[in-house]
Each structure stands twice: as C-alpha cells, then as structure tokens.
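Okay, structure first, notes after.
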Amino acid sequence: MQAGKPILYSYFRSSCSWRVRIALALKSIDYETVPINLIKDGGQQFSEEFQALNPMQQVPALKIDGITIGQSLAIIEYLEETRPTPRLLPQDPKRRAQVRVISDVIASGIQPLQNLSVLKQVGQENQLTWAQKVIHSGFNALEQILRSTAGKYCVGDEVSMADLCLVPQVANAERFKVDLTPYPTISRINKTLLALEAFQVSHPCRQPDTPPELRA
Amino acid sequence: MQQVPALKIDGITIGQSLAIIEYLEETRPTPRLLPQDPKRRAQVRVISDVIASGIQPLQNLSVLKQVGQENQLTWAQKVIHSGFNALEQILRSTAGKYCVGDEVSMADLCLVPQVANAERFKVDLTPYPTISRINKTLLALEAFQVSHPCRQPDTPPELRA
C-alpha cells in the first residue's frame, strides 16, 4: 500500500463522481478531492494534464495505491476487492448479478445518454426533451427490475453498488424535471438511502467545489 | 430493458452483457476472464466500461434512431473516434498480446465487437494501431470466430461466412 491519501478527481454535480464519493464514505476511506470543473475554462477535464491522468477526459478518476482508475464502476469494484468491508456486493453470485445489472442499466443505459458531452451535441433547444426521454426509458425498465429485486434497498436489505448508482441518477432526473410518479419503488429506495450518512456527506451540495448558492 | 443480450441460466435471466460475463466468471471460473491481481482487474474493467458505457450506448440503434437518419453516420463516427482516442491511449500502457497483458480478458471481449461496429460505420482505424493489432490477434482465436456475427443462427444468407 502506498503512503498518502487517495486523490479523487471530482465535480460536485457529476453523478458518476457522486457514486464513488458514496463508496469512499461507506468504506470510511479518507481522501483528498481535486475538483475538476466540467464547464469553466471550456471544461477543465480537457486540460492536457488531466488527459494524461484519465484519457477519457471524464470524472471521476481515483488515484490510489500508486495507480489511477477512471470509470466509476471499475473504481468501486477495485475498492470492493481491496477494502472489502463493509461489502458493496452481496456474497451470492445471483444477487451480485442483480446488483451489476441495476448498476449497468444506470451506468451504461441511462447516464451516458444524458451526460454533458452528449447534451452538447444534441443542441440546446432539444436537451431537456432528450434527457427526459432517456431517463424515462431507463427508469421504466429499472422500476420493473427493482420490483423483483428490492427489499429495503435495490437488492434485498443491504446497501450495494446498485444503490450508489441509483441516488445520483435520481438527482439527475430531478434536475431534468422528470416526473417520478410512475416510479414508486425508485422513489422509495432513493428516499431511504438519502437518510444514510454516507449519502449525505457525499452529496453535491456539500462538496469542496459546491458553488455558494447551492451549498447545503 | 428491451435489449439484447439476455442470458437464461441457473434459473435466472440476466441482462447487461458485462453483468452476464461477471456472473459466468464467478460461477464458471475456468478459464479466467479477469486477472487475479486487483490492479489488473481494474484495468480490464476500465477498458470494458469505456466501451460498454462510453462508446457503444452512444451509437446503438435506439440512439441513432433519435439522432435522425441524415446525422447517423457522422454521430456514430464522432462517438467512436472520441472513445477510440482514449482507448488507444489506455491500451498503450496496459496491453501485451491482448488488452491487458498476455491473457484474454473481458476487455478483449468488448474490443472486438466494438471494432466491428467501427468498421460498419466506416471509421478510419489508422490512428489506432494498438486497437487494430489486438483486434487482429483476437480474431484469429476460435472463440472469436465461432461467435462471429457472420456465423450465427440468425445471420442473413448474404452475410454468412
């Protein structure tokens, strides 16, 4: 293990960064934040310096144990394998599959289609409609999946990687004014999770780079 | 999700290709599709996620439909170039014979089909020599041949190998 705290490259409002912040909080891993503002200066993620660190030019990226990892789920799985307590994936392979399915539905099926770079290409007048369509589509599927997997949380009664993906995606939905009435299971689980400390300390409104007007 | 693939196995049905592959890896662990070392496993997952979250969803059928027919090719090419630029850079530090070192991994399973997508969208692969080399090496392996789109039960006659 390398000496020195892990460094998280994060943007307060990035839902993908929030997933990792929750994981770090749940596992009580102390870390330093280097804020990367996705909008200022044309997008700080495009700097040469950051590109060398993460070729995808995206947040989050985590510098830990002498390596730098991009892609939020790859980061979370690495944390799970190297700091296994408390668990973020169940022990049983079928339940682990359920956790990964829900995580992938969000991380591959919804979020990338409504992230900043895609919205830029869609054009300003179309952005809201596009994002709402994408989220509705994904949440329709997710609501159905959760009806058979959920207990207190997304999969049974233990917080898992799926829950880390859900809460930030619901926040995105709210930002795009998506009506959540058709998704009672998603709403219930989201509410339960937001009451947990790890989801609160990692919240976009409490980050080092949160603008003053949005601070909790 | 109304998408393929979905695998019905051991009494359950799993969607999402990487979730399926991780389940197969955990229940049928030989031969391995993920290295033993956590740092190399992370590299495999990063590459897989770059493709499975960062490229493919942005150029899949349902997104292309929304983009509109006259924009589709440009959109798909842009998305793939963007992702392949990053991937080429990543692979330069992780690749051996294959994406991560010298063992076939989940990353390789993601690479080959994405290169096929790139070719279908007429993406020029000259800027991506590492991607091209690894793709070529993998396509010579039996598993990549028997699973090829041109050899499936539903391959249209005019595209059959």
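The values are calculated or read from the model by the stated rules, or taken from the named source; none is laboratory data. The structure displayed is predicted, hence computed values, not measured ones. With ideal geometry, Cβ positions are generated from the backbone for all residues, glycine too; neighbour counts draw on all protein chains shown. For the accessible areas, the whole protein counts, side chains as well, though only heavy atoms, and no ligand, DNA or RNA atoms are used. Shrake-Rupley method; radii C 1.70, N 1.55, O 1.52, S 1.80 Å.
Placing unit charges on the Cβ atoms only, positive for Lys and Arg and negative for Asp and Glu, gives the protein assembly as shown a dipole magnitude near 280 debye about its Cα centre. In the stretch A:167-216, Rg over Rh equals 1.01, where Rg is the alpha-carbon radius of gyration and Rh the Kirkwood radius from pairwise Cα distances.
Of all DSSP beta bridges confined to the protein assembly as shown, the antiparallel ones make up roughly 65%. Computed about the Cα centre, the dipole magnitude for chain A is approximately 440 debye when only Lys and Arg (+1) and Asp and Glu (-1) carry charge, each at its Cβ.
Derived scalar couplings between HN and Hα for the stretch A:100-114 equal 5, 4, 4, 4, 6, 4, 6, 7, 10, x, 10, 3, x, 7, 10 Hz in order, rounded to whole Hz, by the Karplus curve 6.51 cos²θ - 1.76 cosθ + 1.60 (θ = phi - 60°), x for Gly and Pro. With Cβ to Cβ distances under 15 Å as the rule, what net charge do the other residues near residue B:27 carry (K, R +1; D, E -1)? Local charge sum for residue B:27: +2.
From the alpha carbon gyration tensor of chain B, can you work out the equivalent ellipsoid semi-axes (sqrt of 5 times each eigenvalue) and give them in Å, largest to smallest? List each step's numbers first, then the result.
Numbers: eigenvalues 116, 88, 54 Å².
Taking √(5λ) for each eigenvalue gives 24, 21, 16 Å, largest first.
Distance between the C-alpha centers of the stretch A:77-111 and the stretch A:143-157? Whole Å please. Here the answer is 14 Å between Cα centres. Note that chain A shows a convex hull volume over its alpha carbon atoms of 124 Å³ per residue.
Rounded to whole numbers, the Karplus 3J(HN,Hα) couplings from phi for the stretch B:141-150 are 7, 4, 4, 6, 7, 5, 8, 4, x, 7 Hz, using 6.51 cos²θ - 1.76 cosθ + 1.60 with θ = phi - 60°, and x at Gly and Pro.
Give A:94/B:136; B:8/B:136; B:39/B:97; A:94/A:177; A:27/A:63 a once-over and call out the pairs whose C-alpha atoms are over 23 Å from each other. From the list (A:94/B:136; B:8/B:136; B:39/B:97; A:94/A:177; A:27/A:63), the Cα-Cα distance tops 23 Å for A:94/B:136; B:8/B:136; A:94/A:177. Over the stretch A:7-86, Cα pairs under 8 Å with separation of 6+ residues give a relative contact order of 34 percent. Using Cβ point charges alone (K and R +1, D and E -1), the dipole size of the stretch A:7-86 about the Cα centre works out to roughly 280 debye. Helical runs assigned H by DSSP (4 residues or longer) give chain A a calculated mean residue ellipticity at 222 nm of -14500 deg cm²/dmol, each run adding -39500 (n - 2.57) before division by the residue total.
For residue A:116 and residue A:137, calculate 0.36 nm times their separation in residues minus their Cα-Cα distance, and state this gained length in nm to one decimal.
Values: separation 21, 0.36 × 21 = 7.56 nm, distance 1.84 nm.
In short, 5.7 nm is gained.
Scoring B:126-139, B:95-108, A:58-71, A:102-115 by mean Cβ neighbours within 10 Å over their residues and listing the highest first yields A:102-115, A:58-71, B:95-108, B:126-139. Phi-derived couplings, Karplus 6.51 cos²θ - 1.76 cosθ + 1.60 at θ = phi - 60°, listed residue by residue for the stretch A:39-47: 10, 5, 6, x, x, 5, 5, 8, 5 Hz, with x used for Gly and Pro. Under the criterion of Cα pairs below 8 Å and six or more residues apart, the relative contact order for the stretch A:63-216 equals 21 percent.
Amide H contacts of residue B:9: B:14, each under 5 Å away and 5 or more positions distant or on a separate chain (H built 1.01 Å from N in the peptide plane; Pro and chain starts excluded).
Quick one: compute the contact order of the stretch B:36-147, relative version, from alpha carbon pairs under 8 angstrom and 6+ residues apart, as a percent. Display every interim value, and only then the final one.
Working: 91 pairs, mean separation 33.1, N = 112.
Relative contact order for the stretch B:36-147 comes out at 30 percent.
Each of residue B:78 and residue A:180 was given a label point 7 Å from its Cα along the Cα-to-Cβ line. The distance between the two points is 3.2 nm. Taking every DSSP helix (H) stretch of at least 4 residues in chain B, weighting each as -39,500 (n - 2.57) and dividing the sum by the residue count yields a mean residue ellipticity at 222 nm of -16000 deg cm²/dmol.
Net charge near residue A:130: determine it from the other residues with C-beta under 15 Å of the C-beta of residue A:130, scoring Lys and Arg +1 and Asp and Glu -1.
Summing Lys/Arg as +1 and Asp/Glu as -1 gives +4.
For the Cα trace of the protein assembly as shown, dividing Rg by the Kirkwood Rh returns an Rg/Rh value of 0.94. Counts of other chain beta carbons within 10 angstrom of each beta carbon in peptide A:74-81 average 5. Considering all alpha-carbon pairs of the stretch A:93-199, what whole percent are spaced by more than 25 angstrom? Above the 25 Å cut-off, the stretch A:93-199 has 18 percent of its Cα pairs. Accessible-area loss of 40 Å² or more (1.4 Å probe, protein heavy atoms, chain alone versus all protein chains) is found in the stretch A:84-130 for A:93, A:94, A:97, A:100, A:101, A:104, A:108, A:113, A:121, A:130. Beta bridges assigned by DSSP with both partners in chain A are antiparallel in approximately 60 percent of cases.
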